[in-house]
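The values are calculated or read from the model by the stated rules, or taken from the named source; none is laboratory data. Bear in mind that the values here come from a model prediction, so they are computed numbers and not experimental data. Because the Cβ atoms are built from the backbone with ideal geometry, glycine has one as well, and the counts that use them run over all protein chains shown.
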């Protein structure tokens, strides 16, 4: 198969979907690879490294002209013109929060496989995990930065100093993002409260941190009380493939002290804070009700080299499988099947269908061979 790697065009996105070692692996498996010139520069990977690995350097049209296109972020409207029937697209999609993109994928009959909805039998999300680890750590860094007075914050140091109380950090969600944020916040000496719907997960974290954190069941009342007394709130909620639930209302935001900070990592899936909207690395924050809001939708793109290698370590096995078998690979791999969001003009992931109120067609039904239509008999025959 011919595999294309275009350059990312999202604002301040410096990652790339394939590294030179991945190119070598694809070529060793009998495939061809086109890489758009300059695609890896933001991650410190020069064109000559791709050429030495055996890739053909090309322009955007050449990369998008491949049978399968692998990316990092969802296609933007400027890339929709490259869509066509039968194109196999493999990238982060977050379609539950991307109505326009979803409808274009359906209209152009693009087979779209999302990194973030590939799910193993143990319910883990292998291609989301590395970026969630990065984003969780960055959320605390960003929150600490914007709590500084020159950045519009309260002027609070997360860990405090002897004789002065530490900052209060509240983390909504205790999955991979929440766990990574928790590790960073505790490491910096903050007082941390974690809210989650799983008592088993909360018990595990309480044991792990030896009572150094507060764990609460995620209920509207407990969320409201925790948010009101927080210096930093981190939204780390995820429902695979679906829109993030709105857990923090505008009223809750207004109850926070002026200069407090909210970092909503779930903004890719629509956000869990009612007042949050997507921002960019170039313009990362806005203030509402006196609270600093950080909603950058591609946080790991800022640490592009770390993120690129962490991501491609996980994606390559699936890239090789799709390149060898096409969409049929999903028929034999339940985890990969959950990654297919649209196929042959149909929505195949229940979370996307529910979020956008679209008809759902099971992947097995979409991939089922259509019986050949017999020719109509002609008169007199």
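All of 301, 270 fail the test of being buried (at least 24 other Cβ atoms within 10 Å of the Cβ), within 22 Å of residue 72 (Cα to Cα) and out of contact with any strand residue (DSSP E or B) (no Cβ under 6 Å at 6 or more places or on another chain), apart from 301. Of all residues in segment 183-200, exactly one satisfies the criterion of being under 19 Å from residue 124 (Cβ atoms) and in contact (Cβ under 8 Å) with a residue 40 or more places away in the chain, namely 183.
Taken over segment 1-31, the criterion of being touching a helix residue (DSSP H, G or I) at 6+ places or on another chain (Cβ under 9 Å), surrounded by fewer than 17 Cβ atoms within 10 Å (Cβ to Cβ) and under 12 Å from residue 53 (Cβ atoms) is satisfied by 21, 24, 27. In this structure, does residue 282 turn out to be in contact (Cβ under 8 Å) with a residue 24 or more places away in the chain and out of contact with any helix residue (DSSP H, G or I) (no Cβ under 6 Å at 6 or more places or on another chain)? In short, yes.
Among the residues of segment 253-267, none is identified as surrounded by fewer than 15 Cβ atoms within 10 Å (Cβ to Cβ), assigned to a loop (DSSP other than H, G, I, E, B) and free of Cβ contacts under 8 Å to residues at least 60 places away in the same chain.
Okay, residues lined up against (1) touching a helix residue (DSSP H, G or I) at 6+ places or on another chain (Cβ under 8 Å); (2) free of Cβ contacts under 8 Å to residues at least 60 places away in the same chain; (3) in a helix (DSSP H, G or I):
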| position | (1), (2), (3) |
| --- | --- |
| 34 | yes, yes, no |
| 48 | no, yes, yes |
| 62 | no, yes, yes |
| 84 | no, yes, no |
| 93 | yes, no, no |
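Can you confirm whether residue 222 is closer than 14 Å to residue 171 by Cβ and either loosely packed, with under 15 Cβ neighbours inside 10 Å or not assigned by TED's automatic domain parsing to the domain that holds residue 155 (or both)? So residue 222 passes the test. Of all residues in segment 109-122 being in contact (Cβ under 8 Å) with a residue 24 or more places away in the chain and surrounded by fewer than 21 Cβ atoms within 10 Å (Cβ to Cβ), which is nearest to the chain's Cα centre (by Cα)? Per the criteria, the residue is 119. With part of a strand (DSSP E or B), farther than 24 Å from residue 303 by Cα and more than 18 Å from the chain's Cα centre (by Cα) as the only criterion, which of 57, 106 stands out? Selected residue: 57, the only one of 57, 106 that is part of a strand (DSSP E or B), farther than 24 Å from residue 303 by Cα and more than 18 Å from the chain's Cα centre (by Cα).
Listed here are the residues, each with its yes/no results for (1) within 20 Å of residue 273 (Cα to Cα); (2) modelled with pLDDT under 95; (3) within 23 Å of the chain's Cα centre (by Cα); (4) buried (at least 19 other Cβ atoms within 10 Å of the Cβ).
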| site | (1), (2), (3), (4) |
| --- | --- |
| 166 | no, no, no, no |
| 170 | yes, no, yes, yes |
| 180 | yes, no, yes, yes |
| 183 | no, no, yes, no |
| 189 | no, no, no, no |
| 196 | yes, no, yes, yes |
| 202 | no, no, no, yes |
| 211 | no, yes, no, no |
| 216 | yes, no, no, no |
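Name the single residue that is surrounded by the most Cβ atoms within 10 Å (Cβ to Cβ) among those in segment 320-343 being farther than 16 Å from residue 117 by Cβ and touching a strand residue (DSSP E or B) at 6+ places or on another chain (Cβ under 7 Å). The extreme case among them is 323.
When 85, 126, 77 are screened for being surrounded by fewer than 18 Cβ atoms within 10 Å (Cβ to Cβ), within 19 Å of the chain's Cα centre (by Cα) and more than 16 Å from residue 319 (Cα to Cα), only 77 passes. Yes or no: residue 69 at pLDDT 95 or above, part of a strand (DSSP E or B) and farther than 28 Å from residue 135 by Cα? In short, no.
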